[in-house]
Amino acid sequence: MREIQVNTQTKKYSLKIGNGVFDEESSYIALKDRKSVIVADSNVTPLYGEKLMEKLRSMGIEAELYVFPAGESSKSHEELIKLYNFLSDANITRNDYIIAVGGGVTGDLAGFAASTYLRGVNLVQVPTSLLAMVDSSIGGKVAVNLPAGKNLVGSFYQPDVVLIDPSLLCSLPDRHFSDGMAEVVKYGCIRDSELFSMLETMNNRKEIMQNIEEIIFRCCVVKKDVVEQDEKEKGLRMILNFGHTFGHAIEKCFYYKTYTHGEAVAMGMVFISEMSCKLGFCQTGIVERIKNLLAKFCLPVNFPDLSAEDVYNAVIKDKKARTNLINLVLIEDIGKVRIEAFSKEKIGGIVYEMLGN
């Protein structure tokens, strides 16, 4: 097992990475003499949610299981209220635990509930998707969506521990495995050129899984370093949003139904890379390397058929907007990005020019 210590201003906690971490009783010792509510969606519950509840109860830990419908649409205030009521009925106190078992939606929903119920309940993240293992379970960003946009209501709330067990990925469908690979490629783009080059030598899921612990570890190291320097996303942490501004716009325009988060981010990374090239920040060869790598992992690289007006309207409502300015993460080279502030008018002009409508 590998362990990474994350030291933020608000909390210090461990990322425990290794096959079997999920099943080890030692992973849950801190829960002794506390109540726990496991939060899992309808897909993950029969695979891991029920198993964890049985394990905790066998250890003498009082545990309940909250199950919600799988899908991005559950990251809503309606589902959040249901979870609050469940926590209340379970008599959860500030000393007890919420355990998020699942992908990004579960981590966000359960994490936001933990950050707000009783003004803060202990939180354990147990990611079961590749995307959650390398990204969303780490760093404390938790949120729910609004009809106006993704993650518009949220907070920064660090977990008490993150248990990352790569063996749980065996049950992940190919599409959702590719979904997580978009975030893996992102880390290579923004901070780890060696990771990017390593990925270029791999051709399929089997080869990735042969190196998965190293891949996850490298992604987590990047995120740890960035989060420790900028926990509340005042500056450096924005680089983690590479591809996300336009990715979120795609998700919103398709009502969070057509594309997974990773698929949208993949298209967003290509789009912002092409924009970076157009603005003179990088060479065309960089764009081609990113496109080729994403395509190899079965991710879409061509921007969908959307009107420039719809994309622009989605972008300007993004939570990263600052008054009339929006920060975009542009790429200069593999492993090197920069943050640039653009006026909404300039972004609109570029979007209309690139989309040609």
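Restricting Leu328, Leu299 to those that are part of a strand (DSSP E or B) and aliphatic (A, V, I, L, M) reduces the list to Leu328. The sole residue among Met181, Met198 that is closer than 29 Å to Arg338 by Cα, crowded, with 20+ Cβ neighbours inside 10 Å and touching a helix residue (DSSP H, G or I) at 6+ places or on another chain (Cβ under 8 Å) is Met181. Residues that are within 16 Å of Gln283 (Cα to Cα), open to solvent by less than 50 Å² (accessible area, probe 1.4 Å) and of a type outside the set (A, V, I, L, M) within the range 327-357 comprise Glu332, Gly335, listed in sequence order. Considering the range 204-275, the qualifying helices (runs of 4 or more DSSP H), each wholly inside and each with 3 or more residues that are within 15 Å of Lys186 (Cα to Cα) and open to solvent by 20 Å² or more (accessible area, probe 1.4 Å), run over 212-229. Inside the range 276-289, can you point out the residues that are open to solvent by 60 Å² or more (accessible area, probe 1.4 Å) and of a type in the set (Ser, Thr, Tyr)? The one that is open to solvent by 60 Å² or more (accessible area, probe 1.4 Å) and of a type in the set (Ser, Thr, Tyr): Thr284.
Just checking, which of Asp89, Asp23 is within 18 Å of Ile164 (Cβ to Cβ) and either of a type in the set (Asp, Glu) or modelled with pLDDT under 95 (or both)? If you could, list the steps in order and put the result at the bottom.
On the way: Asp89 fails: within 18 Å of Ile164 (Cβ to Cβ).
Step by step, each of Asp89, Asp23 is checked, and only Asp23 is within 18 Å of Ile164 (Cβ to Cβ) and either of a type in the set (Asp, Glu) or modelled with pLDDT under 95 (or both).
Within the range 266-293, being within 18 Å of Ser307 (Cα to Cα) and not charged (D, E, K, R) holds for Met267, Gly268, Val270, Phe271, Ile272, Met275.
The values are calculated or read from the model by the stated rules, or taken from the named source; none is laboratory data. Everything quoted here is computed from the prediction, not taken from an experiment. In this analysis, Cβ positions are derived from the backbone assuming ideal geometry, glycine residues included, and neighbour counts consider all displayed protein chains. We work out accessible area using only protein heavy atoms, side chains counted, and drop any ligands, DNA or RNA first. Shrake-Rupley method; radii C 1.70, N 1.55, O 1.52, S 1.80 Å.
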